[in-house]
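S.K.: One structure follows; several queries about it will come next.
Bear in mind these aren't lab numbers, they're just calculated from the coordinates by the rules spelled out. Model, not experiment: these values are computed from the prediction. Cβ sites come from the backbone with ideal geometry, for glycine too, and all protein chains shown count toward neighbours.
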Amino acid sequence: MKVLSLIGARPQFIKEAILQEKLKENGIQEIVVHSGQHYDYNMSDVFFKVLKMREPDYNLNVGSGSHAVVTGKIMIAFEEVVVKEKPDIIVVYGDTNTTVAGALVGAKLKIPIAHVEAGIRQEPKDMPEEINRVLTDHVSTYLFCPSELAVENLEKENIKKEVYFVGDIMYDLFLKMKPYFDYSILRKYDLKENEYIVCTIHRDFNTDDPNKLKGILEGISYIADLIKIIFPVHPRTQKRIAEFGLESLLRNVIVTEPLDYLKMMGLLENSLMVITDSGGLQKEAYFSGKRAIVLMPDTGWKELIELGWNKVTSPDNLFSCYQSMVSEENRKPKNNVYGEGKAGEKIVNIIKGLIK
């Protein structure tokens, strides 16, 4: 059996790290293709080193561009690899342009597609990530869902065959890497347990509108008057802050470059809470027993909203949402809604049984 895995963004590197290990344990040949969608060192190559992943067999080096340009470049380059390698199955992850490009290539070439993190749905329906995940689910052969709610979402769209609740592969990695989390950033900035907030902002609908980005940064600034905020800044966000002349709003915020997985998890583990528009960080906060303020119109991780664990808010309500959350009683998550940390093992066992 030959598995071809396509990756291209931070959450995909993380998920691939686990699946790569499980495929190797089972003696299954894997070809890894990096689309090159994220090409900044701290957002890409560092994960291969920190997570001890082997270098990809192919790097498509697509770089940046519009959604159409990036997706098209990946499809053209990836098709050549698929035709050459003739895999038994193609694995794609999540909801990026890399994901949908890989799924479309596989579907057109009649090669089974396995979508890891299938069934996630959120508003607005015209968001690029939502378009990517819906299209990918509808052309995929095997759908591996991180939660029971994801399975229900697929059923509503009449996708019922080869749908599996396996749990969230990010939880597998979190448990595996927890003994190795890097806490050096706390010492560097003199951060004390439960006395600071972690903030990340990168979505285009938050960064590309100057008024919205200003509102977010103003809210962060108000909160930073009350408690320390550390803000690892995404390249997109950093560029927009400079472009819109908003640097002064971060004068009382600890701003750092993007952090690798182990440093970010060490930072998260000791924080009070999280402010983010990252889907991955919402869950990682939950794994750490930390709540998150989600700066999005909606979230794909509705389970955490329904539990009352995380809260969705808008930029103009950021400060009041923070006040509301700190006034609530301390709470601890009950049974993990994302499984028991064996998603990678389950996925590989299912693939073994399906593809001979």
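S.K.: Quick check on this structure: which one of GLY102, GLY119 is touching a residue at least 40 places away in the same chain (Cβ under 8 Å), within 27 Å of ASP298 (Cβ to Cβ) and either assigned to a helix (DSSP H, G or I) or in contact with a Pro (Cβ under 6 Å, 6 or more places away or on another chain) (or both)?
M.R.: Details: GLY119 fails: either assigned to a helix (DSSP H, G or I) or in contact with a Pro (Cβ under 6 Å, 6 or more places away or on another chain) (or both).
Just one listed residue meets the conditions, GLY102.
S.K.: Additional query: Specify the residue that is surrounded by the most Cβ atoms within 10 Å (Cβ to Cβ); the eligible residues are those in region 213-236 that are of a type in the set (A, V, I, L, M) and in a loop (DSSP other than H, G, I, E, B).
M.R.: Pass one, region 213-236, residues of a type in the set (A, V, I, L, M): 213, 216-217, 220, 223-224, 226-227, 229-230, 233.
From what is left, the residues that are in a loop (DSSP other than H, G, I, E, B) are 226-227, 233.
Values: LEU226: 12, ILE227: 14, VAL233: 19.
Going through the qualifying residues, I end up with VAL233.
Yes/no per residue for (1) out of contact with any Asp or Glu (no Cβ under 7 Å at 6 or more places or on another chain); (2) surrounded by fewer than 22 Cβ atoms within 10 Å (Cβ to Cβ); (3) among the small types (Gly, Ala, Ser); (4) closer than 27 Å to ILE305 by Cα:
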{"position": "GLN238", "(1), (2), (3), (4)": "yes, yes, no, no"}
{"position": "ALA242", "(1), (2), (3), (4)": "yes, yes, yes, no"}
{"position": "SER248", "(1), (2), (3), (4)": "yes, yes, yes, no"}
{"position": "ARG251", "(1), (2), (3), (4)": "yes, yes, no, no"}
{"position": "LEU267", "(1), (2), (3), (4)": "yes, no, no, yes"}
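S.K.: Exactly one condition in (1) buried (at least 18 other Cβ atoms within 10 Å of the Cβ); (2) farther than 28 Å from MET265 by Cα is false for ILE169; which is it?
M.R.: Every listed condition holds for ILE169 apart from (2).
S.K.: Return the residue satisfying two criteria in turn: it lies in region 88-101 and is within 21 Å of GLN122 (Cβ to Cβ) and in contact with a Leu (Cβ under 7 Å, 6 or more places away or on another chain), and of such residues it is surrounded by the fewest Cβ atoms within 10 Å (Cβ to Cβ). Let's see the steps before the verdict.
M.R.: Step one: list which residues in region 88-101 are within 21 Å of GLN122 (Cβ to Cβ), which gives 92-101.
Then drop every residue that is not in contact with a Leu (Cβ under 7 Å, 6 or more places away or on another chain), which leaves 92, 98, 100.
Numbers: VAL92: 30, THR98: 29, VAL100: 25.
For region 88-101, the residue satisfying everything is VAL100.
S.K.: Could I ask something else about it? What are the residues in region 62-95 that are part of a loop (DSSP other than H, G, I, E, B) and touching a Lys or Arg at 6+ places or on another chain (Cβ under 9 Å), if any? Walk me through how you get there before you give the answer.
M.R.: Taking region 62-95 first, the residues part of a loop (DSSP other than H, G, I, E, B) are 62-66, 86-88, 94-95.
Selection gives VAL62, GLY63, GLY65, LYS86, PRO87, ASP88, GLY94, ASP95.
S.K.: Tell me which of these SER320 doesn't satisfy, since it passes every other one: (1) free of Cβ contacts under 8 Å to residues at least 24 places away in the same chain; (2) under 25 Å from GLU218 (Cβ atoms); (3) not charged (D, E, K, R); (4) not in a helix (DSSP H, G or I).
M.R.: It fails just one condition, (4).
Conditions (1) under 22 Å from PRO232 (Cα atoms); (2) surrounded by 20 or more Cβ atoms within 10 Å (Cβ to Cβ); (3) of a type outside the set (Ser, Thr, Tyr), marked per residue:
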residue	(1), (2), (3)
GLY300	no, yes, yes
LEU307	no, no, yes
TYR322	yes, yes, no
GLU328	no, no, yes
TYR338	no, yes, no
GLY341	no, yes, yes
